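Visitor: Structure provided below as structure tokens; questions to follow.
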């Protein structure tokens, strides 16, 4: 029987030194380190090339083929126009996604379904007014892919639809304007929720459903093959999955907490829109973390520790979380959610975890924290292994024709291709999703699979600049490695911000 509870080792006591991936000289050394940490994490000895390589095998989706086993994750840049339109840096990013070789394009960009749902004033808004620019994004990606790889009939391209909920900052980069599913005893103060008037009413949610239906129509008109109804990272629809204490038809029972998803899907299909639907899901969550003030020092953040939750047990403010020990996952409801997707005939599921806003170490394991984060409370390999293990369990539970995408691979660096190949080859995952690694090194898997070699100078070393920059009102990009950002004026500001924040 598949376990629904955490099976990876508990986080080790906070330390300030971890074995760095580049010091592990061979896949055998990597595997030894993973074993020493007690992790079910494995790197193949060699990455295979040629047409029979596991990562080059196609995936069947309905009556179509997806040409290989890797996927671009949505990577918003905080660099659109203030009216939610497209800019040159955005076009450049989508062009690089096309050049990456990935055949599954999951969103490219998080697209707000309404202006007040933006996480920043420069987020893309998917609306008729912006449709021409969005269509150009897709065309730019497709043309770049065709120029490098020759064919595009095996591409599957989706747009991610979102409302930022608790993290809305639609008008000023420094001012939260949150709209939430429920009052949260640990997050409200952090994200400026001060009144019940900021909680969505049942009546307002009817209008939100219509916003998603309209956005899906724009996506279809712009040539998208599917839309992602985003349920991850603490954004609004993910938050509703944890609305255990909300009264009424959108909170409490599992059926009520998933009502918005069902209504959005039904609305899209009832409108006559034949576009496919996928979901990106935070499969589990933990309580919020914060830097340990007792272990910080001038110029350096402390390691992460959980917020005090002792007075909140059972913890009924999250999804996929152990109610009595909320720094562990519990996948019982996650499996129910997968079953619901199958009932709704949704066959695209992209898995992530937690939130970059309040527990980034479980969502994007990294050696270095963002400016609003904390030093790693565990070896980051533990965070990678936790996500891989959860995805393995969900892949085993889900219908065979549901495509499962895994996340959290960037920290693996030189061994990303080796672990990705192992997980695809053994059936632990169908497609490997890459996000911030593609900002630094768009061609990483294409180089590994087609050329049999990678460039160690291009690997993302998880400095978290791509997060620290937007947290401080700057565009997101790879400031350490991408010359486009490295030579920008924003790079100078970023260095000053990091120094002041103790990163």
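The values are calculated or read from the model by the stated rules, or taken from the named source; none is laboratory data. Please read these numbers as outputs of a predicted model, since none were measured by experiment. Methodologically, a virtual Cβ is constructed for each residue, glycine included, from the backbone with ideal geometry; neighbour enumeration extends over all protein chains shown.
Visitor: How many residues are closer than 11 Å to residue 371 by Cα and touching a helix residue (DSSP H, G or I) at 6+ places or on another chain (Cβ under 9 Å) when one looks only at region 467-503?
Guide: Residues meeting the conditions: 10.
Visitor: Hey, could you check region 204-242 for residues that are assigned to a loop (DSSP other than H, G, I, E, B) and under 20 Å from the mean Cα position of the chain (by Cα) and say which is farthest from residue 275 (Cα to Cα)?
Guide: Ranking the candidates gives 242 first.
Visitor: Between a residue in region 153-173 that is on the phi > 0 side of the Ramachandran plot and any residue that is part of a strand (DSSP E or B), which pairs come within a Cβ distance under 8 Å, given they are 6 or more apart or on different chains?
Guide: As it stands, the answer is 165/180, since those pairs meet every condition given.
Visitor: While we're here: If only one of 188, 154 is part of a loop (DSSP other than H, G, I, E, B), surrounded by fewer than 20 Cβ atoms within 10 Å (Cβ to Cβ) and in contact with a strand residue (DSSP E or B) (Cβ under 6 Å, 6 or more places away or on another chain), which one is it?
Guide: Within the list 188, 154, the selection yields 154.
Visitor: Here are some conditions: (1) buried (at least 23 other Cβ atoms within 10 Å of the Cβ); (2) farther than 21 Å from residue 145 by Cα; (3) touching a strand residue (DSSP E or B) at 6+ places or on another chain (Cβ under 8 Å). Residue 419 meets all but one. Which one does it not meet?
Guide: Result: residue 419 passes all but (3).
Visitor: Yes or no: region 109-116 includes at least one residue that is without any contact (Cβ under 8 Å) to a residue 60 or more places away in the chain, under 27 Å from residue 469 (Cα atoms) and touching a helix residue (DSSP H, G or I) at 6+ places or on another chain (Cβ under 8 Å). Talk me through it step by step, then tell me what you get.
Guide: The initial filter retains those residues of region 109-116 that are without any contact (Cβ under 8 Å) to a residue 60 or more places away in the chain, namely 109, 112, 115.
From what is left, the residues that are under 27 Å from residue 469 (Cα atoms) are 109, 112, 115.
Next, from what is left, pick out any that are touching a helix residue (DSSP H, G or I) at 6+ places or on another chain (Cβ under 8 Å): 109.
Yes, region 109-116 has at least one match.
Visitor: Here is a follow-up. Return only the number of the condition from (1) part of a loop (DSSP other than H, G, I, E, B); (2) touching a residue at least 24 places away in the same chain (Cβ under 8 Å); (3) over 26 Å from residue 309 (Cβ atoms) that residue 246 does not satisfy.
Guide: The number of the failed condition is (3).
Visitor: Further question: Go through (1) over 22 Å from residue 282 (Cα atoms); (2) within 23 Å of the chain's Cα centre (by Cα) for residue 197 and report which single condition fails.
Guide: Single failed check for residue 197: (2).
Visitor: Follow-up. Given the criteria at pLDDT 95 or above, over 19 Å from the mean Cα position of the chain (by Cα), surrounded by fewer than 24 Cβ atoms within 10 Å (Cβ to Cβ) and over 30 Å from residue 331 (Cβ atoms), does residue 487 qualify?
Guide: Spelling it out, it is not the case that residue 487 is at pLDDT 95 or above, over 19 Å from the mean Cα position of the chain (by Cα), surrounded by fewer than 24 Cβ atoms within 10 Å (Cβ to Cβ) and over 30 Å from residue 331 (Cβ atoms).
Visitor: I've got another one for you. How many residues, within region 424-443, are more than 21 Å from residue 160 (Cα to Cα), surrounded by 21 or more Cβ atoms within 10 Å (Cβ to Cβ) and touching a residue at least 60 places away in the same chain (Cβ under 8 Å)?
Guide: The total comes to 1.
Visitor: Return a yes/no flag: does region 384-398 have any residue that is outside any helix (DSSP H, G or I) and at pLDDT 95 or above.
Guide: Yes, some residue in region 384-398 is outside any helix (DSSP H, G or I) and at pLDDT 95 or above.
Visitor: Looking at region 480-488, is at least one residue more than 26 Å from residue 104 (Cβ to Cβ), free of Cβ contacts under 8 Å to residues at least 24 places away in the same chain, outside the structural domain of residue 361 (by TED's automatic domain parsing) and not in a helix (DSSP H, G or I)?
Guide: Checked region 480-488: at least one residue is more than 26 Å from residue 104 (Cβ to Cβ), free of Cβ contacts under 8 Å to residues at least 24 places away in the same chain, outside the structural domain of residue 361 (by TED's automatic domain parsing) and not in a helix (DSSP H, G or I).
Visitor: Checking residue 409 against (1) within 19 Å of the chain's Cα centre (by Cα); (2) in contact (Cβ under 8 Å) with a residue 40 or more places away in the chain; (3) within 20 Å of residue 106 (Cα to Cα), only one condition comes out false. Which one?
Guide: Checking residue 409 against (1) within 19 Å of the chain's Cα centre (by Cα); (2) in contact (Cβ under 8 Å) with a residue 40 or more places away in the chain; (3) within 20 Å of residue 106 (Cα to Cα), the one that fails is (2).
Visitor: If you don't mind, another one. For region 120-134, which residues satisfy the criterion of being part of a loop (DSSP other than H, G, I, E, B) and under 12 Å from residue 219 (Cα atoms)?
Guide: Residues satisfying the conditions are 126, 127.
Visitor: Now for a separate question. Output the residues belonging to region 425-434 that are more than 19 Å from the chain's Cα centre (by Cα) and either part of a helix (DSSP H, G or I) or under 23 Å from residue 457 (Cβ atoms) (or both).
Guide: 425
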